[in-house]
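Only one structure is covered here, and it is reproduced in the block below.
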Amino acid sequence: MIPISNEDAAERSYLGMPAWPIDLGVLDKYSEEIERVFGVASGPFEGEPNFRFREGLSTNDALNVRWAKCPSFRKCNLSTLLAGELRQNVNLQIWTDATVCEFTLSRETGLLMGVTARNLGGKTLHVFAKQFVLAAGTIETTRLLLLMDRGADNRIFGKASVLGHYFQDHLKLEVAKIERHKAVETNRYFAYRYLRSTRRDLHLELPHGAQAEHAVGSAFVYVAMDLGSSPLATLKALMQGLQRREFDWRALSVLSQNAGILGKAAYWRVVKKQLYVPPQINFKIMLCGEQLPHWQNRISLAPVLDRLGLPKSQLDWRPRDSEERTFRAIISRLGDYWLRTGLDQVCPLIWNLATLDNDMPLVSQAEACAHPSGTTRMGTDPKTSVVGPDLSCHAVPNVSIVSASVFPTAGSANPTFTIMKMAYYFADIFLGKL
């Protein structure tokens, strides 16, 4: 849980990108309520006065430091967290195994009057309402709108519509390993930290001054661990099993044979407020770069049909030169950061071969982060956007979108926390209209 920065939603003239039509600062008032739901500590993402920073992890003009918040295993699943509240809400109906297949539109008003859902068993559900909200994720939300448009002979959004275009994701790539020359100090720098019982993960972000200087998008670096078959991996699997109400006795046996490591882990967790990572486990540097919006990157309806007889989603997408420049910019800054902070004396970086050779494209080795966004983008002009600042469709005002698909740009962080804040924002808009 970490928000997209306000600067990433502001105008970026060096990229020719206008500001988002809403100020992300408006969403900040929802942060504490969401944090309470997930049981994480409130407070800033830049750290707090009582947060024990090491000198080497301070912000400088090479990279900014922020700290993501991570819910515990027990609080990661919304269906578990909200199950009691959902059951008690007499005004709420939940239908599972029901895929929306048809849309009923009014020719007179242009509004959506109803939807029809079906399942593979042949059952049909008709829902009629005054207002509809699509909150099905970027890809499926876009597919549903494309199906609605096709059912109306492409008259809703128009042939020149931006619907489905500007698909974007974050691109992820391992760029270096951290040599644990001084294992204990390296652990202090990069292992997960705990502040008020909340796990905090390090984000090293490309400052906006650097983005403007290099004319690139945003990017951040985080540290991952190669757990392999270590006792930590076994402990993680055991905890995840308990979340599913499953208990692995074999895992317990493995842990019992590693009591020394578990004792150290308990000491670090309680006394030092950090995860203990044994010296044989490698830290690796992962780079995550913002993909800039491109018209050619798009979701469309495929000629292939699913088992309900509906077109599947088709994705035409590839990384581009702009992402390569972003990768190269943050790699250069990361090297500067390591030197300025003295980390190169404690835990030098072992760069991957491609990072040292400018003739080897990094984007060809990168993978998508599964953070899709952008294909029902938000804006004030119906010619260049699908929804307005109130998240309602320009073309069908009683249909609203709550999804990362409305993000005009991908920004500097994974989208989940911003999506949740946007859901609260939309709920206030909807209740205000009522």
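Things worth noting here:
- Taking Lys and Arg as +1 and Asp and Glu as -1, the other residues whose beta-carbon sits under 15 Å from that of Tyr425 total -3.
- Förster radius 41 Å - calculated FRET efficiency between Ile350 and Thr380, Cβ distance, rounded to 0.05: 0.25
- Measuring nothing but how far apart in sequence close Cα pairs (under 8 Å, 6+ apart) lie, relative to its length, the chain scores a relative contact order of 26 percent.
- Residues Val271 and Thr109, FRET efficiency given R0 of 56 Å [Cβ-Cβ distance, rounded to 0.05]: 0.30
- Those lysines that a straight Cα-Cα span of less than 26 Å connects to Lys123, excepting residues fewer than 8 apart in one chain: Lys312
- Among residues other than Ala413 with Cβ under 15 Å from its Cβ, the summed charge is -3 (Lys and Arg +1, Asp and Glu -1).
- Placed amide H near Leu195: partners under 5 Å, 5+ positions off or other chain: Arg200
- Burial order of peptide ranges 216-224, 75-83, 130-138 (average beta-carbon count within 10 Å, highest first): 216-224, 130-138, 75-83
- Among 173-183, 424-434, sorting by the average number of other beta carbon atoms lying within 10 angstrom of each residue, highest first, gives 173-183, 424-434.
- Segment 284-397 - percent relative contact order, Cα under 8 Å, separation 6 or more: 16
Any read-out appearing in this document is the output of simple, stated calculations on the displayed coordinates, not a laboratory observation. Not measured: the values here are computed from a predicted model. With ideal geometry, Cβ positions are generated from the backbone for all residues, glycine too; neighbour counts draw on all protein chains shown.
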